[in-house]
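One structure below.
Taken together, the values in this text are just the output of simple stated rules run on the coordinates, not laboratory data. Please read all numbers here as calculations on a predicted model, not as lab measurements. Positions of Cβ are backbone-derived with ideal geometry, glycine not excepted, and every protein chain shown enters the neighbour counts.
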Amino acid sequence: MILSAQDLHKHYGEFCALGGVSFQINEGEFVSVIGPNGAGKTTLINVLTGLLKPNQGKVFFKDMEITGIGPERLSKLGLARSFQLVNIFPNFTVLEFLMVAIVSRLGKGKNFFSSLLRDQEVTGEALEVAKLFGLDEKKHMLTKNLPQGDKKMLDVASAFALHPEVILLDEPTSGVSTSDKNKIMETLVSASKKIGIKSIIQVEHDMDIVFSYSDRIIALHQGKILADATPEKIEKDEEVVCTVVGQKECFKIFSSILSRET
Amino acid sequence: MRIPWEVTSLKSFRIVVLVVVSLFLLGLPLFTGQFVSYLMLTFFAYAITVVGFNLLFGYTGLLSFGHALFMAVGAYTAAFLTSKFSILYMEVILVASVIVASILAALIGAICVRYIKIYFAMLTLAFGMLFYTFLLKFYYLTGGDEGMRVLRPYLLGFNFSEVPKMEFLTGSYYVYMFVILAILMFVMWKIISSPFGLCLKAIRDNPEKAEYLGVSVRKYRWYAFVISAAYAAIGGALLAPAIGQVDPGLTYWTHSGTLVFMTLLGGFENFFGPLIGGVVYIFLQDKIMSLTAYWRFIFGGILAFIVIAAPGGIAGMISSLARRRKS
Amino acid sequence: MIETILNILFSGVFNASTLFLVAAGLQVVFGVQKVFNLACGSFYALGAYVGITVVKGLVAGGLPTPLFIFPLIAAGLLLGFIGPIFERGLIKFVYDRDETFQLLLTFAIVMMIEDIIKFIWGTSPQTTGGIDMVYGQLNVLGATVPVYNLIVIGCSFAIAILIGYILLNTRFGRIIRATADKREMSEALGINMTWVYVKVFTLGTILGTLGGALVIPAGAAVSEMGVELIVLAFAVVVIGGLGSMKGAFVGALAVGVLKSIAISTFPELEMLTIYIIVIVVLVIKPQGLFGGGRV
């Protein structure tokens, strides 16, 4: 077990965002969290990553309780996340952006006096990560001038640069054209292998991606877990598919199941 | 001589310019009057202060409306040591100012950096005014609103008391201050080009993301606060002998406002911006004050103009002009 | 003993009444436009100076002294209509900018108004010459309270109720609350934001100038009064919570009474106590009693 949530509750006044969510993620798993908008997915990620304190319940990383410890301590323990709405340093170049993560990871943040640009270790690694994510051509471009898809990639890349053991991705392929989505997923998977990330949790809406890449799917609906199982089992669960996934996807999945069974 | 713009980005070109400007500044007292040299002296003190201030404002994104507090701390330390304890070694005074200011900044900063923007600005204002009230009311200690005298210090152990005042100030003291300014600017340059500097800029641009990347936002803001306070203290301690008298007005919140004004005027996004702002402010203020008593109105107007139309300050305007020439 | 307490209470509530007006002006502008107007103190000062000029001029011209309060209030109200000049001329340019720049712009306005005041009225303190005493004093259990102070307290209270009514029951009030809460939605609903901003800023200015006008007969106008008031107004807002009208009321009461206590027990350290309280409140509960949002 690498990450577990125990009976998480979170409400905003009357509105209940999470109503008792529990699950366990194991080493080596690729888990997708799915659900319609408002199901509580982003709230879940915010609670898991310590940005929000749950009203009730605990989060554990390996055997350490990490409920609400805050993003900074979390990253030092080995958990990183990317953001659904792009969260960037607009005035940084791509390289500088990545260097922040690397400097922080290597504990060099307190070096008042050494020259950053002459630090081969940091600049070299930043370049490598940029290459891994296909951003090395644009390494000197200012983040605010990058196209939206690249901004997203950079956000994810910086999380990867922390060399976390577990990474949480909040809709990594949203806002990207379908043809690019697979490219992004392949980049993510190969990057995580290279860096040695043990488990990936992603919130995702695109069912093709979810079903192709996940070892397990957790379906969230109105703050509660509707299902937590392998893709094959979920496919066959009508309730999940139609509630969570929506009519259009419903139709797509059943027609693909049908075509497979014929 | 037309300078091709590509050359201006060469590192060696920049160093040449820096050396030329430095030599010009050093030699200034030789070919201008005493008054101009005296103004430059005050400029050096403010330059040190605003360079430190900009670490907090421009590079870390925190607006302090109480920064003059630390300048006052440095100035009053100089006054205390020279007139109450007859300690006249400037180097001792500088070190003492830095120590006192750093301790104070560590305490005040620990409280203030937990807040941002308006709250930070107003908290620092409150602390600055707290110190003002303290300086004013505890007059048996601090001289109240009359302030304290500052005696002429020894520079590097040399006693200059035989030298007439203006000659001392525009001669040895001028060079002394300039050298310290140059050293401190070099140190600041190293700081902002270091990994620490990168983290500060990250905190300025997006504190949440910085936190997620493992940067302890509060702690780093605190470091920046203490460093900038130390710079202000040195500036204040160097200013004190030049003006001869320190008074509580040094920490009044509008004096802090002046520091902000200088930084903004010159351009907070540029390393040399605050210096440009400092020199323009000082000479402009002198000029305008001789023309009218209502200089605050004019300066208020200038500040408003900068905020609305030219937030990058003078340095910002120069670089956007340069960019337009390039294309 | 009782007299001292009553004296402190009365002067505290009197301070609080005018503080409330200024703080309310601050809050409403912050709530809607998200601009913290440092110049609120300057408008307060302007209200005071104009109030003195108007009252002295009219009384010298033959106005019966007891009627002075009417032109005083009128002056305070009407002066507030200079608000749109600042709003349209300067403030509107920084609505979408960083809070820091908004603060600095209002600081520039503080500088300009300070010199405007100096230009028109000079630097020596001005007073109405004790005209507030024309209403006499009341003796309450041994404590003496100028009737004028009670009138001012009454006025402020009435205005507080009026503001509450406007906010809860009128269309304008609903718009204020809606935009304070969710700006984009209000815009999307077709509300003319420009007009709202002008009106709200004017309201804020009027409250400030009225506060200054009302307080001045009981004291003196000095050129630093605006600059000093901003720290007090900030204390009110810190205690009560940024953006909350209830907070302005409670905060003003707290600061007014505290200031009164400080003046009578440690007269030398009056402002010191205020600053310390501000710092303590900010450290213990930065959102204040009624405020919300991240600090």
Handout entry: Mean projected area in nm² (Cα convex hull; one quarter of hull surface) for region C:1-111
Key = 9.5
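In a shell of Cβ-Cβ distance under 13 Å around A:Ile102, excluding A:Ile102 itself, what net charge do Lys and Arg (+1) and Asp and Glu (-1) give? Walk me through the numbers on the way to the answer.
Values: positive: A:Arg105, A:Lys108; negative: A:Glu96, A:Asp119, A:Glu121, A:Glu125, A:Glu128.
Neighbour charge sum, excluding A:Ile102 itself: -3.
Scan region C:91-142 for chymotrypsin sites (Phe, Trp or Tyr not before Pro) in coil per DSSP, keeping those whose Cβ has at most 16 other Cβ atoms within 10 Å, and list them by number. Show your work: numbers first, answer last.
Values: sites: C:Phe93, C:Tyr95, C:Phe101, C:Phe107, C:Phe119, C:Trp121, C:Tyr135; in loops: C:Tyr95.
Answer in residue order: C:Tyr95.
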Fill in the blank from the handout: Taking the protein assembly as shown and counting helices only, DSSP H stretches of n ≥ 4 at -39,500 (n - 2.57) each over all residues, the nearest-500 ellipticity at 222 nm comes to -20000 deg cm²/dmol
Fill in the blank from the handout: Connecting every pair of Cα atoms under 10 Å apart in chain B and solving the GNM, the largest mean-square fluctuation among B:Ala309, B:Ala202, B:Ala75 falls on B:Ala309
Handout entry: Distance between modelled label sites at C:Thr144 and A:Gln24, nm, 7 Å Cα→Cβ extension
Key = 8.2
Completion exercise
Taking Cα atoms only, helix C:147-169 is inclined relative to the longest principal axis of chain C by an angle, in degrees rounded to 10, of 20
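Lysine pairs in region C:20-227 with alpha-carbon atoms under 20 Å apart, 8 or more places apart or on different chains: how many are there? Walk me through the numbers before you get to the answer.
Details: C:Lys34/C:Lys92; C:Lys34/C:Lys182; C:Lys34/C:Lys199; C:Lys56/C:Lys118; C:Lys92/C:Lys182; C:Lys92/C:Lys199; C:Lys182/C:Lys199.
Lysine pairs meeting both conditions in region C:20-227 amount to 7.
Restricting to Cα atoms and excluding each atom paired with itself, what does the Kirkwood estimate give for chain C in Å? Please list the in-between numbers first.
Numbers: mean 1/r = 0.0513 Å⁻¹.
Taking every pair of different Cα atoms in chain C, averaging 1/r and inverting gives 19.5 Å.
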Exercise for the section: Kindly provide the GluC sites (Glu not before Pro) of region B:153-250 that DSSP labels as loop, not H, G, I, E or B, and whose Cβ sees at most 13 other Cβ atoms within 10 Å. Expected result: B:Glu162
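Could you tally the net charge around B:Gly109, taking each other residue with its Cβ under 15 Å from the Cβ of B:Gly109, Lys/Arg +1 and Asp/Glu -1? Write down the numbers at each step before the final one.
On the way: positive: B:Arg114, B:Arg218, B:Lys219, B:Arg221; negative: none.
Result for the local shell: +4.
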Exercise for the section: Mind checking which aspartates and glutamates have their Cα closer than 17 Å to the Cα of B:Lys219? Skip sequence neighbours fewer than 8 apart in that chain. Expected result: A:Glu72, B:Asp205, B:Glu208, B:Glu211
Fill in the blank from the handout: Residue by residue through region C:118-135, the couplings from Karplus 6.51 cos²θ - 1.76 cosθ + 1.60 with θ = phi - 60°, in Hz, x for Gly and Pro, are 4, 5, 7, 10, x, 9, 7, x, 10, 9, 8, x, x, 5, 5, 6, 5, 8
Completion exercise
Simple spin-label estimate for C:Ser124/A:Val189, 7 Å along Cα→Cβ, in nm, reads 8.8
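Tell me, what are the semi-axes, in whole angstrom and largest first, of the equivalent ellipsoid of region C:51-174 as set by the roots of 5 times the Cα gyration tensor eigenvalues? Show your work: numbers first, answer last.
On the way: eigenvalues 217, 107, 44 Å².
Those come to 33, 23, 15 Å.
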Practice task
May I ask for the angle, rounded to the nearest 10°, between helix C:69-79 and the longest principal axis of chain C, with both axes built from Cα atoms and the value confined to 0 to 90°?
Solution key: 30
Handout entry: Gyration tensor verdict on region B:123-250 (Cα atoms; rounded if a/c is under 1.5, prolate if a/b is larger than b/c, oblate otherwise)
Key = oblate
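Per residue, what volume in Å³ does the convex hull of the Cα atoms of chain A enclose? Provide the component values of the computation, followed by the final result.
Numbers: hull volume 35.3 nm³, N = 262.
It comes to 135 Å³ per residue, whole-number rounded.
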Handout entry: Given chain A, longest segment not containing exposed loop chymotrypsin sites (Phe, Trp or Tyr not before Pro) (DSSP; at most 16 other Cβ within 10 Å)
Key = A:114-262
Practice task
With N set to the residue count of region C:53-108, report its C-alpha Rg divided by 2.2 N^0.38 Å to two decimal places.
Solution key: 1.74
Completion exercise
Taking Cα atoms only, helix C:2-33 is inclined relative to the longest principal axis of chain C by an angle, in degrees rounded to 10, of 20
Exercise for the section: For region B:45-58, take each phi angle, set θ = phi - 60°, evaluate the Karplus expression 6.51 cos²θ - 1.76 cosθ + 1.60, and give the result in whole Hz per residue in order, putting x for glycine and proline. Expected result: 4, 5, 4, 4, 5, 6, 4, x, 4, 5, 4, 6, 7, x
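Counting residues in region B:7-326 as N, plug N into 2.2 N^0.38 Å and put the Cα Rg over that result. Walk me through the intermediate numbers first.
Working: Rg = 19.4 Å, N = 320, 2.2 N^0.38 = 19.7 Å.
After normalising by residue count via 2.2 N^0.38 Å, the value is 0.98.
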Practice task
Just check region B:81-178 against the gyration tensor rule for me: Cα atoms, a ≥ b ≥ c as the square roots of the eigenvalues, rounded for a/c under 1.5, and otherwise prolate or oblate depending on whether a/b exceeds b/c.
Solution key: prolate
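Can you list the DSSP H helices in chain A whose Cα atoms extend at least 15 Å along the helix axis and whose mean Kyte-Doolittle hydropathy is 0.5 or higher? Could you put the intermediate results ahead of the total?
Values: long enough: A:94-105 (17 Å, 1.87); A:120-132 (18 Å, 0.05); A:148-160 (18 Å, -0.25); A:178-195 (26 Å, -0.51); A:246-261 (22 Å, -0.29).
Span-like helices, by this rule, are A:94-105.
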Exercise for the section: For A:Asn111, list long-range residues whose amide hydrogen, built 1.01 Å from N in the peptide plane, is under 5 Å from its own amide hydrogen. Expected result: B:Phe196
Completion exercise
Simple SL model, points at 7 angstrom along Cα→Cβ for B:Gln245 and C:Met1; separation in nm is 4.9
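Using only the alpha carbon atoms of region A:87-162, find the Kirkwood hydrodynamic radius as the inverse mean reciprocal pair distance, in angstroms to one decimal.
Numbers: mean 1/r = 0.0818 Å⁻¹.
By the Kirkwood definition, the hydrodynamic radius is 12.2 Å.
Seen from all sides and averaged, what is the projected area of the convex hull of the Cα atoms in region A:1-101, in nm²?
Numbers: hull surface 30.6 nm².
The orientation-averaged projected area of the Cα hull of region A:1-101 comes to 7.6 nm².
Under 1.5 on a/c is rounded, so check that first for region B:241-280, then, if it is not, pick prolate when a/b is larger than b/c and oblate when it is not; a ≥ b ≥ c are the square roots of the alpha carbon gyration tensor eigenvalues.
Details: a/c = 3.76, a/b = 1.83, b/c = 2.06.
It comes out oblate by the Cα gyration axes.
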Practice task
Would you give the gap between the C-alpha center of region A:150-186 and the C-alpha center of region A:85-143, rounded to a whole Å?
Solution key: 17
Practice task
Over all alpha-carbon pairs of the protein assembly as shown, lay out the pair-distance distribution in 10 Å bins, whole %, shortest bin first.
Solution key: 2, 11, 18, 21, 19, 15, 9, 4, 1, 0, 0
